[in-house]
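Data first, discussion second: the structure below is written as structure tokens.
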Amino acid sequence: MTASLDRSPPSPPLRLGTRRSPLAMAQAEETRDRLCAAHGWTPEAITIVPVTASGDRILDRPLAEIGGKALWTKELDAWLLDGEIDFAVHSLKDVETIRPAGIAFAAILPREDVRDVLVGAESIAALPPGARVGTSAPRRAAQLLHARPDCTVVPFRGNVATRLGKLAAGEADATLLAAAGLNRLGESAVGQPLDVDSWLPAPGQGAIAIECRAGDARIAGLLAAIDDAPSRAAVLAERALLAALGGNCHSPVAVLTRPAEEALVMTAALFSPDGADRVEATARFAPGDLDAPARLADTLLAQAPATITAHFAGR
């Protein structure tokens, strides 16, 4: 991170758009604090502008049935393109793979804990026979059913508090949450983190992305001060894999990219939605080589049975 030489606060204050959920607000506050620290500003230099996203309003159906990840971004995209905000903050795993041409990733914050957390049992193996596990994520559902085909998936949507409330009310025996979100909400003691060697996370999990208008050199230059290059390289590689796979919100894909000396090592797995079939492959490549994840996608799809490839357009 490089501090700016110009420490005069912006006038008027910069407008940072975010969803209104508690986790999104925590991410916006982290972004504001990092940006102010990098430039020597007081918090008043940035105004947080919240919006209630469609994905936060519609909670009775799986996201994949009602418009996919765009329901998390479309309101903020419109505000950004219309000039109502200067930049926007997102959980990267909730950002659709193909973004509007007028919007660019200006910064990726240092990636948080990438693991999923199991709440309600000490491990996947320790779940009681026939356990009901609450999740609306195809990746989590498929991984669960692959490991424990005796379990039943119960649709769970809503923010962290809502899902924990549903669990407490007995709507399921266990649920799965992102460790990064729990940490950012000060709930790191909740649940049992799952080892990434046996339970891969979602593409981009744990990363906060900040977007601005493409071509807005002033805002992009300010945001560059909080861009974390290793995190950017890892998550852009994971998004390149997604793009090559041609998946959608129904496509169960899990991936993790880790640094290894001067290279990145990506491990990815594809599942059939019922968890019965699974393929995995690993690739090592240089940071910034976005062709390598595409080749890994080809390898995965070439190995996968029709029960998996039917859910990916890359093949």
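Things to note:
- Linear extension gain, ALA125 paired with ALA263, 0.36 nm per residue minus alpha-carbon span: 46.3 nm
- Peptide packing for 149-159, 268-278 was compared via the average number of neighbouring C-beta atoms within 10 Å per residue; ordered from the highest value, the list is 268-278, 149-159.
- Stretchable slack from GLU280 to SER198, in nm (0.36 nm times residue separation minus alpha-carbon distance): 28.4 nm
- DSSP-defined beta bridges in region 116-193 - what % are antiparallel, rounded to 5: 55
- Among GLU187, GLU75, GLU280, the largest mean-square fluctuation in a Gaussian network model of the chain (Cα springs under 10 Å) belongs to GLU187.
- If you run the Gaussian network model on the chain, springs between alpha carbon atoms under 10 Å, then out of THR175, THR47, THR73 the most flexible one is THR47.
- If the chain linking ALA214 and ASN248 were pulled fully straight, counting 0.36 nm for each residue of separation and taking away their Cα-Cα distance, it would gain 9.8 nm.
- Summarising the label geometry, the points placed 7 Å from Cα in the beta-carbon direction at ALA302 and SER8 lie 5.8 nm from one another.
- Highest to lowest packing among 11-17, 256-262, 207-213, scored as the average C-beta count within 10 Å: 207-213, 11-17, 256-262
- Structure remark: mean-square fluctuation, Gaussian network model of the chain, C-alpha springs under 10 Å; the largest value among ALA101, ALA237, ALA26 belongs to ALA101.
No value in this document is a laboratory result; all are computed from the given coordinates. This is a predicted model, so every value here is computed, not measured. Glycine gets a Cβ as well: all are built from the backbone with ideal geometry, and neighbour counts include every protein chain shown.
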